[in-house]
Amino acid sequence: MNIAVITGASSGLGREFCLQLDALFHRMDEIWLIARREERLTELAAAMRNKTRIFVLDVTNEKQMDGFVKTLEEEKPVVRMLVNCAGFGLMGDFADLEYKEQIGMLEVNCKALTRMTYECIPYMRKNSRIIQLASSAAFLPQPCFAVYAATKSYVLSFSRALSEELRKRQIYVTAVCPGPVETEFFDIAERYGKTLAVKKLTIVQPERVVRDALTDSRKRKPVSVCSVWIKLFYVCTSLIPHTVILKMMRFLK
Ligand SMILES: NC(=O)c1ccc[n+]([C@@H]2O[C@H](COP(=O)([O-])OP(=O)(O)OC[C@H]3O[C@@H](n4cnc5c(N)ncnc54)[C@H](OP(=O)(O)O)[C@@H]3O)[C@@H](O)[C@H]2O)c1
């Protein structure tokens, strides 16, 4: 049985990956949809033409994840594609935000993504692909988004290393690094703090991010950066010392 596994399927980029992959796949036996909000997943599954399976689970809950792993062990599918989209961010000064909520970002964005990747790799074959949602926040430290940016640096670094390791098995990994995307992400992210004004200039629609990510994944690119602004930002953060960029960012508030 050939399957695709998509976390964060109930909203935003994850949902969009489900819809675009559903239109692309012709020989996928099942698409496995993962998130906590069941109604959202049921609604999405009804709109898809491929056969789906819904997993209502919190990716940070070890017991629930054990149940998912058991399903993999029992059914022994071939995981043709894994898309790790579950994630969230919180803006605001590190010292002012709740500790537990900030650790939550590490749990979902790093730990759960790492476990899901680890558990799926044994079921992957030649030409299987992994897409990991990092962010342009991975490119340099981000004051007032400190923990989130650090989690995304982890995702980018981890994914690039994994891309090298798995290349010899012909499994391809792409880290997707969008700037701001029009999703529910900001409903949570802006609960305590506001995004830089430049967000309005650079925001893109999820359809475009996912289209570019799938093209880059097909081309086996280790990193996918959407839009001219964010590509420019990527180049700047590679060429200009981060201390200089951080000083400039103080004036953008
Ligand atoms: N939007 C942006 O501007 C942007 C930019 C760069 C990178 N990203 C990254 O892209 C990814 C997707 O974000 P988005 O913009 O699509 O945000 P979103 O619309 O808020 O979607 C986040 C998804 O993650 C799921 N999720 C969160 N915590 C979870 C948990 N503990 N267990 C299971 N599922 C969980 C949510 O599902 P439930 O709530 O139903 O569980 C939801 O489906 C994230 O990793 C984010 O960091 C977003």
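Taken together, the values in this text are just the output of simple stated rules run on the coordinates, not laboratory data. Computed from a predicted model, the values in this text were never measured in an experiment. Because the Cβ atoms are built from the backbone with ideal geometry, glycine has one as well, and the counts that use them run over all protein chains shown.
Gain in length, residue 127 to residue 164, computed as 0.36 nm per residue apart minus the alpha-carbon separation, to one decimal in nm? Let's see the in-between values first.
On the way: separation 37, 0.36 × 37 = 13.32 nm, distance 1.42 nm.
That works out to 11.9 nm of additional length.
What are the GluC sites (Glu not before Pro) within segment 1-110 that DSSP puts in a loop, where the Cβ has at most 15 other Cβ atoms within 10 Å? Don't skip to the end; give the middle numbers.
Working: sites: 16, 30, 38, 39, 43, 62, 73, 74, 75, 98, 101, 107; in loops: 98.
Answer in residue order: 98.
Exactly which trypsin sites (Lys or Arg not before Pro) in segment 117-170 are in a DSSP loop and have at most 11 other Cβ atoms within 10 Å?
On the way: sites: 125, 126, 129, 152, 160, 167, 168, 169; in loops: 125, 126, 168, 169.
The qualifying sites are 126, 168.
For residue 2, which sequence-distant residues (separation of 5 or more, or a different chain) have an amide H within less than 5 Å of its own amide H, given hydrogens modelled in the peptide plane?
29, 30, 78
Please list the non-local residues whose amide H lies under 5 Å from the amide H of residue 90, H modeled 1.01 Å from N, same-chain partners needing a gap of 5 or more.
148
With a ≥ b ≥ c taken as the square roots of the eigenvalues of the C-alpha gyration tensor of segment 61-107, please select rounded if a/c is under 1.5 and otherwise prolate if a/b is larger than b/c or oblate if it is not?
Working: a/c = 7.10, a/b = 2.44, b/c = 2.91.
The shape class here is oblate.
Please list, or write none, the lysines whose alpha carbon is within less than 19 Å of the alpha carbon of residue 51, excluding same-chain residues fewer than 8 places away.
Qualifying lysines at Cα under 19 Å: 76.
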